[in-house]
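The values are calculated or read from the model by the stated rules, or taken from the named source; none is laboratory data. Everything quoted here is computed from the prediction, not taken from an experiment. No Cβ is skipped: glycine too gets one built from the backbone with ideal geometry, and neighbour counts run over all protein chains shown.
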Amino acid sequence: MIVDVHTHLPSHQDTVPPEDMVTETAMRSGETVQLTNSIADYLRDMEAVDKAFIFGIAPRPWLPEKSVLLAGGWPEGKNHNDVASETAKHAPDKITPFMSLHPLDPNVNDEYDRCVGDLGCKGIKLGPNYQDFDPTGPEAFALFARLEADQIPIVFHQGTSPMTEAPLTYAHPLTSDKIAMAFPNLTMVLAHLAHPWQADCLSVVRKHPNVWADVSAQFYRPYSFWQGMRLFHEWGATEKILFASDWPVTRPQDNIDHLRALPKFAKDHHLPTIPEEEIEGIINRDAVAIMGVD
Ligand SMILES: [Zn+2]
């Protein structure tokens, strides 16, 4: 079974009108990423996997109109959590909605109740850098305590981002180490192998049984990809890596293909390899069971 633990929302419910089309080039260091897409586009790209977790990123309460990967082409009145839930209804056996909350939102507990109740959310996505909250602060810790008690897993954005106003300290894996020590029963996924801090990421996931890493958004920087994977291999930590795409930044099939191409990359560049069985282990890892999402 292939599980994509990291997909973002389709920007539009229906076909994207030409005047709404948006692309950007910073995320993939010069390559063009199509940021606008429909539910149909999402479902087509998810044909490559058996399960997918989908989420938005809750905006800062003091800047409600500004968000990362905005789903702007949906009827007004629906927030990112409604969009995750409604998209999942198009393939309920395959797609699981996750909520996203902001710990400093005065309504955080009401929205939590609505998400796990009416909307059927089974996990949560947080991007403390994008959301500009201190993940070791008292408000965040209150949220983590509730998530741990309810056995709801977190997918954390980790690593750098091109956004100037997103504090990097909040997305560094060493910060997540503090959270993991305070909440040992909380399941956490550190996204993107915390690029370019893959060594710090493996340092954290290897010491915490309930902390995992996701492999999304690596392959389009081929040397960093190989280096991160080789580090995880040498430290015996590839079994802590979950499959993920970061759609729409990349498609799951492209991630599968590039993971399987790593041994060839190593050979072509006279570098030590990453064993095929470890690569297949990542692609086929049962994140549904690991994260307790069912
Ligand atoms: Zn992402």
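Hey, any hits in segment 228-237 for a residue that's within 16 Å of the ligand (Cβ to nearest atom), in a helix (DSSP H, G or I) and either at pLDDT 95 or above or under 17 Å from residue 42 (Cα atoms) (or both)? Scanning segment 228-237 turns up no residue that is within 16 Å of the ligand (Cβ to nearest atom), in a helix (DSSP H, G or I) and either at pLDDT 95 or above or under 17 Å from residue 42 (Cα atoms) (or both).
Would you confirm, using the coordinates I've provided, whether residue 120 is of a type outside the set (Asp, Glu), over 18 Å from the mean Cα position of the chain (by Cα) and surrounded by 14 or more Cβ atoms within 10 Å (Cβ to Cβ)? Quick ask: steps written out before the conclusion?
Values: of a type outside the set (Asp, Glu): yes; over 18 Å from the mean Cα position of the chain (by Cα): yes; surrounded by 14 or more Cβ atoms within 10 Å (Cβ to Cβ): yes.
Answer is yes for this residue.
Restrict the check to segment 61-72 and report whether at least one residue is among the basic types (Lys, Arg) and surrounded by 12 or more Cβ atoms within 10 Å (Cβ to Cβ).
Keep residues of segment 61-72 that are among the basic types (Lys, Arg), which gives 66.
Now drop any that are not surrounded by 12 or more Cβ atoms within 10 Å (Cβ to Cβ), which leaves none.
Among the residues of segment 61-72, not one is among the basic types (Lys, Arg) and surrounded by 12 or more Cβ atoms within 10 Å (Cβ to Cβ), which makes the answer no.
Between 202, 174, 168, the distinction of being hydrophobic (A, V, I, L, M, F, W, C) and buried (at least 22 other Cβ atoms within 10 Å of the Cβ) belongs to 202 only.
Of all residues in segment 246-268, those that are in contact (Cβ under 8 Å) with a residue 12 or more places away in the chain and away from the ligand (no atom under 16 Å from the Cβ) total 9.
I'd like the full set of residues that are outside any loop (DSSP other than H, G, I, E, B) and either among the small types (Gly, Ala, Ser) or surrounded by 11 or more Cβ atoms within 10 Å (Cβ to Cβ) (or both), limited to segment 13-30.
20, 24, 25, 26, 27, 28
For residue 201, the criteria (1) free of Cβ contacts under 8 Å to residues at least 60 places away in the same chain; (2) away from the ligand (no atom under 16 Å from the Cβ); (3) assigned to a helix (DSSP H, G or I); (4) in contact with a helix residue (DSSP H, G or I) (Cβ under 6 Å, 6 or more places away or on another chain) hold in every case but one, which is (2).
Given the criteria polar (S, T, N, Q), at pLDDT below 95 and either surrounded by 21 or more Cβ atoms within 10 Å (Cβ to Cβ) or away from the ligand (no atom under 16 Å from the Cβ) (or both), does residue 96 qualify? In short, no. The listed residues are 45, 4, and the only one of them that is assigned to a strand (DSSP E or B), within 16 Å of the ligand (Cβ to nearest atom) and surrounded by 12 or more Cβ atoms within 10 Å (Cβ to Cβ) turns out to be 4.
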